[in-house]
Structures are given as structure tokens and as C-alpha cells.
1. When you count, for each residue, the other Cβ atoms within 10 Å and take the mean per peptide, how do 104-112, 247-255 rank with the highest first?
2. Under a Cβ-Cβ cut-off of 9 Å, what is the net charge of the residues other than Glu250 that fall near it, where Lys and Arg count +1 and Asp and Glu count -1?
3. By per-residue mean of other Cβ atoms within 10 Å, what is the highest-first order of 48-57, 72-81?
4. Sorted by mean Cβ packing within 10 Å, highest first, what order do the peptides 162-171, 199-208, 126-135 take?
5. Would you mind calculating the relative contact order of the range 110-208 from Cα pairs under 8 angstrom and at least 6 residues apart, reporting the percent as a whole number?
6. For every other residue with a beta carbon closer than 13 angstrom to the beta carbon of Tyr93, add +1 if it is Lys or Arg and -1 if Asp or Glu, then tell me the sum.
7. For the range 85-256, calculate the relative contact order in percent as a whole number, restricting contacts to Cα pairs under 8 Å that are 6 or more residues apart.
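What follows is calculated from the coordinates using simple rules that are stated; it is not laboratory data. Everything numeric in this text was worked out from a predicted model, so none of it was measured. Glycine gets a Cβ as well: all are built from the backbone with ideal geometry, and neighbour counts include every protein chain shown.
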Amino acid sequence: MIKKVLISFSLIVFLSSFCTAITKSSSNTQEHKKVEKTAYYRDLQKAKNYYCEGNFTEAEKALDKIFEVSIDNEKATELRNKILLVKEKEAYYKKALVNDYVVELRRTIKEGNCYEGFLFIKKIEELSPEEPISSFRQRLENEKDLILYSIEDVSDRHLFIDSIDYFVKEKFEKSSDCIYQLYQKYPKFVYYVGMNRYYVLQETTKKRVKMFYDKAVKSFKATRLGEAKEYAELAYNLQPNNLKLRVLLEQINMDIL
């Protein structure tokens, strides 16, 4: 009788332990799934934010983390396809913009304008480092040397070099001060005075463009697409050659459609 009781007790203890183990395992599985789900939403939100900001490289990295655990994830796949389409458009816009800059570069060389010439070279190299423009650079360097040698005063020579450096770095107010000082002694700089004033105005416009762009991105992240498009178009009207704006408008229009 005692032996039967002991066996029954052992069986109860075993079953109790077994049930506890199953409960713990189930609890651990549910907790693991909860962690995975949280990580999924976090990575997907990261990818969406990076996408809205035009940072496609980081967006794809965030998506890769999702695909590691869910290779056929529908939402992640949808976002990846959007990125692929937008990157194709971006490449197209970039090439068109480089072609426009090359046309402008040829114009500046014809006019002997090393200020705009070196600026367009910088813009081209930022977008397309492999673009064959070394011969254009050399012609601009030659033009720069001709102007430099025509300036007798050593301090004025340094002023001329500084004016170009500031202009290429898009510090137009500083370059404007330098050019105006040169104009006081060398009347041939009169053309560059007017040219630089135009770019000073563009510098002010650039700040407004950034403001509209930031608001457009913020609205885009919040899926307020109409509002995002309005801000993006305001910025685009002020600066139509801005590649980031062109791409952002493409992204917004894609979601609207």
C-alpha cells in the first residue's frame, strides 16, 4: 500500500514538473516571439524613416535585418521595391543634372569665368567622380593663372585666390567681399561683382529651401502626403536643380498614386 502511494506521489511530482516545464517553454516561446515582433517593427520603422530622408543605404541595411528572420516579409519587400524604383529615378536625374552642369561648364570656359567654372567642376565631381572633365579643369587653371599674373600686387593676388576658394566652397558673401575689393583697383572685375551678388541671393534662398525640405520630410514620415508635396514643391520652385528635392518629390508622388 505504501509502495503504491509512493509511486502515485512520484508520478504526480513528475507530471507537475513536466507541466511546469511545458508552461515555461511556452512562456519563453511567446516572449521570444514578442521580442522578434518588437525588433521587426523597430527595424521596419527605421527603414521607413531612412527612406523618407533619402538615405537608401541605411534603409536597405534595416530591411536586411528583417529579411534575415522573415525572407518573404510583405511590408519589407514592398519598401525594398520602392527603394529600387526610386534609385533608378535618382540615377536618371543625377545623369541629367551632370549633363546640365557640363553645358554650363563649357559656357564658363568660353567666357573665361573661372569662378563659376570651378564651382561647376566641384558639383560635377560630387555627382559623377568619373566624368571626363580634366581638360576643362586645365583650361580653367590656365585662365586663373592669366588673371593672377595680371595682378601686380602680391596681397591682391592672395585676395583673388581667396575669392575663388570662397566661391567654390559656396561661401558667397565672403567671396563677394573679396571680389568687390579687387574691383576697386581692377575695373575688369565688374562682371564678377554682379555675378557674385546673384549667388549671394541664392545663398539666402538655400536656407529657405532647407526649411521647406525639412518640413516636407517631416510630413512625409507622418504620411501627410498632400502637405509633404506642397512643401517639396515650394522648395523645388526655388531650387529646381536640387537632386534631393527631385528624388523626394518622386517618392511622395509614388505614394500618392
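1. Going by the mean number of other Cβ atoms within 10 Å, highest first, we get 247-255, 104-112.
2. Local net charge: +1.
3. So the peptides 48-57, 72-81, ranked by packing, come out 48-57, 72-81.
4. Highest-to-lowest ranking by the protection proxy: 162-171, 199-208, 126-135.
5. 22 percent
6. After counting each charged neighbour, the total is +2.
7. This gives 18 percent for the range 85-256.
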